[in-house]
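The values are calculated or read from the model by the stated rules, or taken from the named source; none is laboratory data. Predicted, not measured: the structure shown is a model, and the values here were computed from it. A quick note on method: Cβ atoms are made from the backbone with ideal geometry, for glycine too, and the neighbour counts reach across all protein chains shown. Side chains included, ligands, DNA and RNA excluded: accessible areas come from the protein's heavy atoms. Shrake-Rupley method; radii C 1.70, N 1.55, O 1.52, S 1.80 Å.
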Amino acid sequence: MPMDLNLLSMFLAVAETQNFREASDRLGVTRSAVSQGMGRLEAFFGVQLATRTTRAVSLTEAGEQLRRTLSQPMGDIREALERIPGSDIPRGHLKVAVTSIAERFLSGPFVASFAEAYPEVTLDVTVTDDEFDIVARGFDAGVRLGEVIAQDMIAVALTDAQREAVVASPAYIAVHGTPETPEDLLKHRCIGWRPTHRTAPYRWEFEKEGKAFDIAVKPQITSNDLNVMLRAALAGAGFTFATEETFQPHIERGELVCVLQDYLPSFPGFYLYFPQRTDMSPKLRALADHVRMARRNTSR
């Protein structure tokens, strides 16, 4: 008996969301229909494709192999359908994976202006600091720092060069003093970042006389949420570390003070990136054009 090809689209929805309910919402069917469809697909292949729990779904090795096999062809089919004659108007669902420190993209005005300019595009932004293959995970594009983007991707500059900043509130500095060197941070209360609770806090990176080095500060507070770190610093909890652009409004208002700037050189900024294709879909082209326009406007 031939396979129902609709089951493959359903499987990808499950693989990307890792949740039957979210997959059913995306497909517009019931949760039980998704569960039964997965059962039929597993019966067809004669192997378990996913492990179910009450909260989530995780792919087995066979399921992961099927996801990798299907992701690229299904993405090509979706883009081909969007490029048929008469469909040059940007429309459809556009999935973008964005690093949590891409302030220019996430701050609000960029997303709002894109939504206004392209009302038929549904922009789905996933904020994540995990590194993965955006194509295999079903994303149309990503936003990351230029230095970590694979060379086989097309990259469109979202910002100019960036630099890190070490900041604290004036109240904290008035009581505890100003560090003269990065090593002095070891004597201060610090607010650190780590992507997950299973990883060590991020080491703060500096440069002196052209030589890069890092400091393993011992943060009293750690978080994977930049806003938690920012609010803690504003409240006087200590020094924190992130891109200068993140802190700029608070620096300009005198709510935060930069230190150790001589040890913090610039580096490549943030880019929108996506795989090379012979013919880009209208929705992705619209996003790339919007990024270019936004950068021109902010660089004036």
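Annotations
- From Asp152, Asp184, residue being charged (D, E, K, R) and either under 30 Å from Val14 (Cα atoms) or modelled with pLDDT under 95 (or both): Asp152
- Looking across the stretch 4-18 at every residue that is open to solvent by 20 Å² or more (accessible area, probe 1.4 Å) and over 20 Å from the mean Cα position of the chain (by Cα), the one that is modelled with the lowest pLDDT is identified as Leu5.
- Leu260 being more than 25 Å from the chain's Cα centre (by Cα) and on the phi > 0 side of the Ramachandran plot: yes
- One residue stands out among those in the stretch 90-123 that are part of a helix (DSSP H, G or I) and touching a strand residue (DSSP E or B) at 6+ places or on another chain (Cβ under 8 Å): the one that is surrounded by the fewest Cβ atoms within 10 Å (Cβ to Cβ), which is Ala115.
- Scan of the stretch 223-242 for residues that are part of a strand (DSSP E or B) and modelled with pLDDT under 95, ordered by number: Ser223, Ala242
- Residues that are touching a Lys or Arg at 6+ places or on another chain (Cβ under 6 Å) and part of a loop (DSSP other than H, G, I, E, B) were ranked within the stretch 124-143; the one that is modelled with the lowest pLDDT is Ala136.
- Conditions (1) touching a Phe, Trp or Tyr at 6+ places or on another chain (Cβ under 7 Å); (2) free of Cβ contacts under 8 Å to residues at least 12 places away in the same chain; (3) hydroxyl-bearing (Ser, Thr, Tyr); number of the one not met by Ser223: (2)
- Residue satisfying condition, being open to solvent by 30 Å² or more (accessible area, probe 1.4 Å), in the same structural domain as Val175 (by the TED database) and part of a helix (DSSP H, G or I), within set Glu255, Glu245: Glu245
- Counting only strands (runs of 3 or more DSSP E) wholly contained in the stretch 144-219, the ones carrying 3 or more residues that are more than 16 Å from Ala232 (Cβ to Cβ) and open to solvent by 30 Å² or more (accessible area, probe 1.4 Å) occupy 153-157, 204-208, 211-215.
- Failed item, numbered, when Val228 is tested on (1) without any contact (Cβ under 8 Å) to a residue 12 or more places away in the chain; (2) closer than 23 Å to Val175 by Cα; (3) of a type in the set (A, V, I, L, M, F, W, C); (4) exposed (fewer than 13 other Cβ atoms within 10 Å of the Cβ): (4)
- Taken together, Asp262, Asp289 contain a single residue that is free of Cβ contacts under 8 Å to residues at least 12 places away in the same chain and in the same structural domain as Asp140 (by the TED database), which is Asp289.
- Residue that is modelled with the highest pLDDT [pool: residues in the stretch 52-82 that are among the β-branched types (Val, Ile, Thr) and open to solvent by 60 Å² or more (accessible area, probe 1.4 Å)]: Thr69
- Residues located in the stretch 102-124, provided they are in contact with a Phe, Trp or Tyr (Cβ under 8 Å, 6 or more places away or on another chain) and touching a residue at least 24 places away in the same chain (Cβ under 8 Å): Ala102, Arg104, Phe105, Val121, Leu123
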